[in-house]
Amino acid sequence: RADEARVLASEISAIATASGATGATRTFRAIESLGKLAMSYTAELDLNNPPSAPEVVRRTFEALGATYVKLGQFVASAPSVFPKEYVDEFQKCLDETPVTDFSIIKRTIERDLGRSIDEVFATIDPVPLASASVAQVHRATLLAGNKDVVVKVVKPDVEDALTADLSFILVVSKVLQFLNPELARTSLVDIVGDIRASMLEEVDLRKEAANIDAFTRYLEDTQLTSLAKAPYVYKQFSNKRVMVMEYLKGVPLTDLDAIRGVSDSPEETLVNALNVWFGSVLACESFHADVHAGNLLVCDDGKIGFIDFGIVGRVSGSTWGAIQTFFQSAASRDYQKMALALITMGAADDAVDVDKFARDLRKVYEAIDAIEPAITVQEDGMSGAVTVDQQEVAQLATELIRVGDENGVKFPREFGLLLKQILYFDRYVTLLAPELEVMSDDRIEFMDAVAVDVQPRRLA
């Protein structure tokens, strides 16, 4: 243990040195906030309905700021890693940070592009389209060609704060694992390390630009550019903290009335979206892992527009074959084969009761089939929109993964991401094509690819 302690001390020293003054300041603020919230929680214990531990942790994260909000959202997106009660609670984690003043955003753009904002943009709206903990987005018009674009800008000091906060969290996890060696069996430090790497990618917009490029290449290679598109990235005006990309004008995939204005067949539009997205899972370097209604548009030209590639998933080679079997058995509701595929996909105990696992899977799928999304009908009675509850989708994914956990099967995070997107599409089918049988319809071409054992382009 003495040798382990020396190694730990050395690692902590290296992390502290790398974090510098920013790390010390952020750590002090974190401890101060934790103290205040501990006092508040103690006071609330006297109430009739004291808050649960997950609620206290979620509120603590929100109070600690951007890094911890992103960490909370990571927890919410990883039901295969974290306990169900925490995943459910962190669905409520609010990424509602104050808007950064445009004068600061302007300075960031000019500093990073090395030129005046007037040399690049004819107009730029000082009121943001969106503002989150890491970045802010503004509409603009390029000076050259008068092109409509959006400008995504990483907020000042976010990277330093994120690095410092995540270093603090990594130190805490290492100390906890040292003090309680049993935690090593949960891979706590490895999980925190993965979270750290994933979150630091979000402050480097070159990563998102690369994800967009990979998706665009996939569309070109598979001749799907007539069906879908991603925003064009103006690389001459983009770098680590600033990304200028094409503004895609369209309507959400959940607005049936608006879709009818740009598409003769909403059902065919959905089939196209399914083929494109599932195809990317099979044949792209990464798949879009956040296809909620705000990120999936039906554009004015009828194409499906995929936007916001900040969150992507990658299917490893070890998971690939199991996913194929899972899709095939899901089509016929062969729960026994589904169970075997999921066991192959996850890290399973030696003695998994396959029959019980299959019965539990049947219950989950029957519950999914029984849920009807809320459909809002307009006054004319002829149009409507579906409300896809993101929390509900996450809870369904969590339930399936909980069943796996109860049966001794732990899934990789990538499967949780994949499952959530499939559940989103299941909700879209309810509105746009209620009679569509996704796993057996001849128009769903990805099933042909699964049947002939097409291999993905990437190897992991």
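Assorted remarks:
- Computed from the C-beta positions of VAL172 and GLU119, the FRET efficiency with R₀ = 51 Å rounds to 0.65.
- Stretching the chain fully between LYS106 and LYS363 yields a gain of 87.2 nm (0.36 nm per residue, less the alpha carbon separation).
- Placing R0 at 45 angstrom, the Cβ-Cβ distance between ARG217 and VAL354 gives a FRET efficiency of 0.65 after rounding to 0.05.
- Cβ-derived FRET efficiency at R0 35 Å, LYS92 paired with THR141, nearest 0.05: 0.40
Readers should treat all values here as calculations from the given coordinates under stated rules, not as data from a laboratory. Quantities reported herein were computed from a predicted structural model and do not represent experimental measurements. Neighbour counts are summed over all protein chains in view; Cβ atoms, including those assigned to glycine, are modelled from backbone coordinates with ideal geometry.
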